[in-house]
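Asks: One structure, as structure tokens, below. Some questions next.
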Amino acid sequence: MKKTTYMVVALLLIMLSLPGQAFAAAKGPTFTKISANNIVGIYVSPGFSDDKMLFIITKDQDKNNSLYRSKDGGLSWEQNRLFIDGFSRDFPDNSLILCDLVFSEKGSIYLSLNDKDKKVYSFVKSDDQGETWKTVNNNAFYNLIHNGDSFLGIDRATKRLQKSDSTGGKWFLKSDVPLRNNCMVIADSQYMLCVCNKTILMSSNTGGQSWEAVNGVGTDITDVFFLPDNEQNIFIASDSSKVMKAYSSMDNGKSWQLMQFGSENKAKITCAAGLPGGVILIGTNSNKVLISEDYGKTWTTVSAGISGAITDIQCVSEGDSFEIFAATSAGLFDLHYVVEKKETIKHQEIKFTVGHKEYSVAGETRQMENSPFINKGKVYIPLKYLAEAIGAQVSYDENKRKATLTQGKINVVVPLQSKKINVNGKTVTMDVAPIIKDGRLMLPASYITEAFGYSIEWLAKTNTVRIY
């Protein structure tokens, strides 16, 4: 009996000492490889919860594209032979370039492709989950978006933004702005963003007819992403620097905030996705995926089980969890991520209005000596009244030129005229520094309120900052 016990103990010790064993999974979420192909793009059916269908476009060592389809959430795959207008095209086919794929709201699938040998572009449609295809237009597009009753995309030949009719058969020129592939996002028929000249972020409020440079972001922007949300649309513009640097906007591009990822994350952002309710996913040029459940306030880094730079990332909601699909040159990886249920704290509503010395806390009107103002696109609020509104104690150290806010276990130190504040020992970099006006320390509210667990919203119609 003793001999058997010793053998069991010895076996357990050996297993614990070996890397990569099942015990590693207990450390956190782990990706599972579901395809070994070099993935170019992931395309998830809008009805994924019911049909479990997704497509991937792959590229082999000879740079030939293939189209694969899964009807069971990625557990099994079949190479999707293209049966177009009664003629079959088998993969791999070194003359075919698959440009993009998009689902319509009614469930049809549209594929854009280019036949290099015949010098023919095609925009084809399938109504039977990719079994057969019919040509609807003799052009090829990328950055395809189905926007209600029409399509928007970049013409592969002219590199210009075009819009189609409801069938996708007729396309019309929308914009002459030169756009780099994967650097354009469309919020609606009027508002869109793009990266021009490889570094400048530009916006249009006229459906692409006119463009202007975006203020509040750097001049080395490489990519821009759009994450639709029920509450507020989220835009993310990533910087070309080697450290992880990006800006986000949650008010349709009116203002931008420097995102905080933590000093340990130094990779470059390559892709992004999101789900309604504040879920943001960030793919990087390392094997890391960053996950936030609170609009980017806090992040969970997942790298277990995945290898290679992330080239595309998609996600779908599955009740209290969501399915994440991440593509790399090493394959397609899947993660079933369970959302941790957190206690919801209901804060009282606070409102500050630009140019007004009155502000409100839980509907009660209060007075202050200074009024909020806008400077370079940022709304500055007196720190004293902001602290009082959220119930924090504030003290000033004139010798060290800093202010300290305290509430419960939260401690925030704000040095004067410095972009770096300290939240419970952790440095947070703001995109602007506090300033002193009429004897009062003033700064944008978001960094302070978020440190104390509040959310913030800009109400453009009344020039009001809403804190809740």
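Asks: Take residue 413 and decide whether it is in contact with a helix residue (DSSP H, G or I) (Cβ under 7 Å, 6 or more places away or on another chain) and not hydroxyl-bearing (Ser, Thr, Tyr).
Replies: In short, no.
Asks: If you don't mind, another one. Which residues, counting only those in region 296-326, are among the β-branched types (Val, Ile, Thr), surrounded by 15 or more Cβ atoms within 10 Å (Cβ to Cβ) and within 17 Å of the chain's Cα centre (by Cα)?
Replies: 301, 302, 310, 311, 313, 316, 324 - these are the residues of region 296-326 that are among the β-branched types (Val, Ile, Thr), surrounded by 15 or more Cβ atoms within 10 Å (Cβ to Cβ) and within 17 Å of the chain's Cα centre (by Cα).
Asks: Still on this model: Return the total of residues in region 26-45 being under 19 Å from residue 68 (Cβ atoms) and part of a loop (DSSP other than H, G, I, E, B).
Replies: 5
Asks: Residue under question is residue 302, and the condition is that it be closer than 22 Å to residue 36 by Cα and in contact with a Pro (Cβ under 6 Å, 6 or more places away or on another chain); does it hold?
Replies: Criteria met by residue 302.
Asks: Sticking with this one: Under the condition of being at pLDDT 85 or above and crowded, with 16+ Cβ neighbours inside 10 Å, which residue from region 72-82 is farthest from the chain's Cα centre (by Cα)?
Replies: Per the stated criteria, the residue is 82.
Asks: Which condition breaks for residue 203 when tested against (1) among the small types (Gly, Ala, Ser); (2) within 30 Å of residue 49 (Cα to Cα); (3) touching a strand residue (DSSP E or B) at 6+ places or on another chain (Cβ under 6 Å)?
Replies: (2)
Asks: Would you pick out the residues in region 27-47 that are over 13 Å from residue 307 (Cα atoms) and of a type outside the set (D, E, K, R)?
Replies: 28, 29, 40, 41, 42, 43, 44, 45, 46, 47 - these are the residues of region 27-47 that are over 13 Å from residue 307 (Cα atoms) and of a type outside the set (D, E, K, R).
Asks: May I pose another question? Please work out which residue is modelled with the lowest pLDDT, limiting yourself to region 273-303 and to residues that are of a type in the set (Gly, Ala, Ser) and in contact with a Ser or Thr (Cβ under 8 Å, 6 or more places away or on another chain).
Replies: 278
Asks: Going through region 365-401 one residue at a time, which ones are of a type in the set (Ser, Thr, Tyr) and either in contact with a Lys or Arg (Cβ under 9 Å, 6 or more places away or on another chain) or under 16 Å from residue 438 (Cα atoms) (or both)?
Replies: 371, 380, 385, 396
Asks: Being of a type outside the set (S, T, N, Q) and touching a Leu at 6+ places or on another chain (Cβ under 8 Å) is the requirement here; does residue 111 meet it?
Replies: Answer is yes for this residue.
Asks: I need every pair where a residue in region 196-225 that is touching a residue at least 24 places away in the same chain (Cβ under 8 Å) and surrounded by fewer than 14 Cβ atoms within 10 Å (Cβ to Cβ) has its Cβ under 9 Å from the Cβ of a residue that is part of a strand (DSSP E or B) and charged (D, E, K, R), sequence separation at least 6 or different chains.
Replies: That search, which allows pairs on different chains as well, returns 209/174.
Asks: Among the residues of region 379-423 satisfying the criterion of being within 18 Å of residue 466 (Cβ to Cβ) and assigned to a strand (DSSP E or B), which is nearest to the chain's Cα centre (by Cα)?
Replies: Checked region 379-423; the qualifying residue nearest to the chain's Cα centre (by Cα) is 379.
Asks: Another question, then. Does residue 269 satisfy the criteria of being closer than 27 Å to residue 188 by Cβ, modelled with pLDDT of 90 or more and hydrophobic (A, V, I, L, M, F, W, C)?
Replies: no
Asks: Hey, can you tell me all the residues within region 89-103 that are surrounded by fewer than 17 Cβ atoms within 10 Å (Cβ to Cβ) and either in contact with a Leu (Cβ under 6 Å, 6 or more places away or on another chain) or within 28 Å of residue 150 (Cα to Cα) (or both)?
Replies: 89
Asks: Could you look through region 146-181, keep only residues that are outside any loop (DSSP other than H, G, I, E, B) and among the aliphatic types (A, V, I, L, M), and pick out the one that is modelled with the lowest pLDDT?
Replies: 173
Asks: Right, residue 336: of a type outside the set (A, V, I, L, M) and closer than 30 Å to residue 459 by Cα or not?
Replies: No; evaluated as a whole, the condition is false for this residue.
Asks: Look through region 417-442, keep the residues that are among the hydrophobic types (A, V, I, L, M, F, W, C) and more than 16 Å from residue 398 (Cα to Cα), and return whichever of them is surrounded by the most Cβ atoms within 10 Å (Cβ to Cβ).
Replies: Out of the qualifying residues, it is 421.
Asks: Let me ask you something else. For region 109-135, how many residues meet the condition of being at pLDDT below 90 and in contact with a Phe, Trp or Tyr (Cβ under 7 Å, 6 or more places away or on another chain)?
Replies: Qualifying residue count, region 109-135: 1.
Asks: Starting from region 44-68, take each residue that is over 16 Å from residue 106 (Cα atoms) and of a type outside the set (D, E, K, R) and list its partners that are outside any strand (DSSP E or B) and modelled with pLDDT of 90 or more, counting only C-beta distances under 6 angstrom and pairs at least six apart or across chains.
Replies: These pairs meet every condition: 68/77.
Asks: Right, something else. Are any of the residues in region 145-161 surrounded by 14 or more Cβ atoms within 10 Å (Cβ to Cβ) and without any contact (Cβ under 8 Å) to a residue 12 or more places away in the chain?
Replies: No - not one qualifying residue is present in region 145-161.
Asks: Scan region 37-53 and give yes if some residue there is of a type in the set (Gly, Ala, Ser), surrounded by fewer than 20 Cβ atoms within 10 Å (Cβ to Cβ) and more than 17 Å from residue 327 (Cα to Cα), otherwise no.
Replies: Yes, some residue in region 37-53 is of a type in the set (Gly, Ala, Ser), surrounded by fewer than 20 Cβ atoms within 10 Å (Cβ to Cβ) and more than 17 Å from residue 327 (Cα to Cα).
Asks: If you take the residues of region 373-416 that are closer than 14 Å to residue 444 by Cβ and basic (Lys, Arg), which of them is surrounded by the fewest Cβ atoms within 10 Å (Cβ to Cβ)?
Replies: This residue is 376.
The rows are residues; the columns are (1) touching a helix residue (DSSP H, G or I) at 6+ places or on another chain (Cβ under 8 Å); (2) at pLDDT 90 or above; (3) assigned to a loop (DSSP other than H, G, I, E, B).
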position	(1), (2), (3)
305	no, yes, yes
308	no, no, yes
316	yes, no, no
327	no, yes, no
335	no, yes, no
344	no, no, yes
351	no, yes, no
365	no, yes, no
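The values are calculated or read from the model by the stated rules, or taken from the named source; none is laboratory data. Owing to the predicted nature of the structure, the values given are computational and were not obtained by experimental measurement. All Cβ positions, glycine included, derive from the backbone under ideal geometry; neighbour counts span all protein chains shown.
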